[in-house]
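Contents: one structure, followed by commentary.
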Amino acid sequence: MHLCTYLILLAAAEQTLADSYVTVSQGHADEADVHYTCADFARQATAHVEALAPVTARYTDRREPEPERLRPDGLTTTRGGPVGLLRDLQDLYQLVSLVDITWALVGQAAAGARDRELIDTVAGCHGQTTAQHAWLRSRMRAAAPQTLLVAT
């Protein structure tokens, strides 16, 4: 059963996302909305990791070997300037897209397994991830005209 594999992937991706949000929050502290929103999103992602732990523990006895390159890379540094911010937000968007679809896939499996605890965990966490996804998309779209058309 590869549900455990995907629960481990999801927890690792959420932790990578949390760490990346912290990096962007600190690296772009001069952008107040980015700083505070990314810090809040980091706390949400960390809470998601914690919420997954008891569910994952129930499936570890059915764990299959993981495929290679299962875990995503995160952001360890930020870029400077408006274009750097836009690129950092794009990198976060890619990470949150992975997390978002993984929550959806795990949710499908939870429904198929009739695992009420996992269904509840997905319901509580997936919505927050979807909101993160929407905020990043909106923030990038708002920044793009000024960043891409005005010389600095």
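The values are calculated or read from the model by the stated rules, or taken from the named source; none is laboratory data. Note that the structure is predicted; figures quoted are calculated from it, not measured. No Cβ is skipped: glycine too gets one built from the backbone with ideal geometry, and neighbour counts run over all protein chains shown.
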Determine, yes or no, whether Gln132 is loosely packed, with under 13 Cβ neighbours inside 10 Å and touching a residue at least 60 places away in the same chain (Cβ under 8 Å).
no
Pick from the range 112-152, criterion outside any loop (DSSP other than H, G, I, E, B) and among the hydroxyl-bearing types (Ser, Thr, Tyr), ranking: nearest to Leu86 (Cα to Cα):
Thr147
Residues of the range 24-55 classified as surrounded by 20 or more Cβ atoms within 10 Å (Cβ to Cβ) and polar (S, T, N, Q), total:
1
Per-region count, the range 70-106, residues crowded, with 17+ Cβ neighbours inside 10 Å, outside any helix (DSSP H, G or I) and β-branched (Val, Ile, Thr):
1
Identify all residues within the range 107-127 that are under 24 Å from Cys38 (Cβ atoms), in contact (Cβ under 8 Å) with a residue 40 or more places away in the chain and crowded, with 17+ Cβ neighbours inside 10 Å; write none if there are none.
Thr121, Cys125
Members of the range 6-49 found to be among the charged types (D, E, K, R) and more than 14 Å from the chain's Cα centre (by Cα), listed by number:
Asp30, Glu31, Asp33
How do the pairs read when you match residues in the range 31-50 that are under 20 Å from Gly81 (Cβ atoms) with residues anywhere that are aromatic (Phe, Trp, Tyr), using Cβ under 7 Å and keeping only pairs 6 or more apart or on different chains?
Thr37/Trp135; Cys38/Tyr21
Across the range 70-92, what is the total count of residues that are closer than 23 Å to Thr5 by Cα and hydroxyl-bearing (Ser, Thr, Tyr)?
0
Within the range 1-54, considering residues that are at pLDDT below 95 and outside any helix (DSSP H, G or I), the one farthest from Val106 (Cα to Cα)
Met1
